[in-house]
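First up is the structure itself, then whatever we jot down about it.
The values are calculated or read from the model by the stated rules, or taken from the named source; none is laboratory data. Every value quoted in this text rests on a predicted model; they were computed, and no experiment measured them. In this analysis, Cβ positions are derived from the backbone assuming ideal geometry, glycine residues included, and neighbour counts consider all displayed protein chains.
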Amino acid sequence: MKNGFTLIELTVVLVILSIITLLVLPRLFPGDEAALKSSARTLASTLRYLQERAIATRTNYTLKFQFPDGAIGVKTVSPLGEEGDAGDVALRNRILTEGVSVEDVGLNSLGRVNEGEVSVRVGMEGFQELLTVHLRSRGGAYTVVAYPVSGKVLVQEGYREAAL
């Protein structure tokens with residue numbers, strides 16, 4: 001009687017383990033596309049929350065996009081026009097995950113901007129104009145659109161232009 005496994009049995013086990021690894025590994029370590037989608041959803045949630053907070057507290061805010069690093073920050077605006085700390089912990093959290101950046105910001109009054117700093121006012125009536133934010137990573141692109149007055153915020157896959 002022989003002890004051990006045949007070459008065919010070992011090959012079948014290795015094939016099964018390889019298939020399981022191929023199915024499980026991508027779920028354990030999400031790629032750039034998952035980070036991009038998560039960042040787009042977080043930005044959309046932040047925009048909605050910012051509008052609701054401005055209305056509820058009767059406070060004006062400034063949403064700032066800084067290029068080329070694509071950082072996003074939120075500041076309060078006093079009645080005298082002075083900027084201060086947002087105060088709310090939810091508005092101070094990092095919005096974009098590592099590897100995701102703001103490619104450009106689109107406003108009706110400024111067009112598409114991808115240099116310097118862009119400030120967007122959010123008051124008691126929500127956004128003053130249509131805001132389009134294009135996010136990019138190695139995994140692709142997403143577009144986040146915030147509509148004025150209605151407060152509606154959409155997340156779309158790909159680089160898209162928005163219209164009223």
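Any chance segment 80-91 includes a residue that's under 19 Å from Tyr159 (Cβ atoms) and either at pLDDT below 90 or within 16 Å of the chain's Cα centre (by Cα) (or both)?
No: zero hits.
Quick one: in segment 103-142, which of the residues that are β-branched (Val, Ile, Thr) and within 13 Å of Leu47 (Cα to Cα) is surrounded by the most Cβ atoms within 10 Å (Cβ to Cβ)?
Val133
With the requirement that a residue be part of a loop (DSSP other than H, G, I, E, B), surrounded by fewer than 15 Cβ atoms within 10 Å (Cβ to Cβ) and either among the aliphatic types (A, V, I, L, M) or on the phi > 0 side of the Ramachandran plot (or both), what does segment 50-97 give you?
Arg58, Leu80, Gly81, Gly87
Taking segment 112-164, which residues are farther than 21 Å from Ile55 by Cβ, in contact with a helix residue (DSSP H, G or I) (Cβ under 8 Å, 6 or more places away or on another chain) and assigned to a loop (DSSP other than H, G, I, E, B)?
Answer for segment 112-164, where residues must be farther than 21 Å from Ile55 by Cβ, in contact with a helix residue (DSSP H, G or I) (Cβ under 8 Å, 6 or more places away or on another chain) and assigned to a loop (DSSP other than H, G, I, E, B): Arg138, Gly139.
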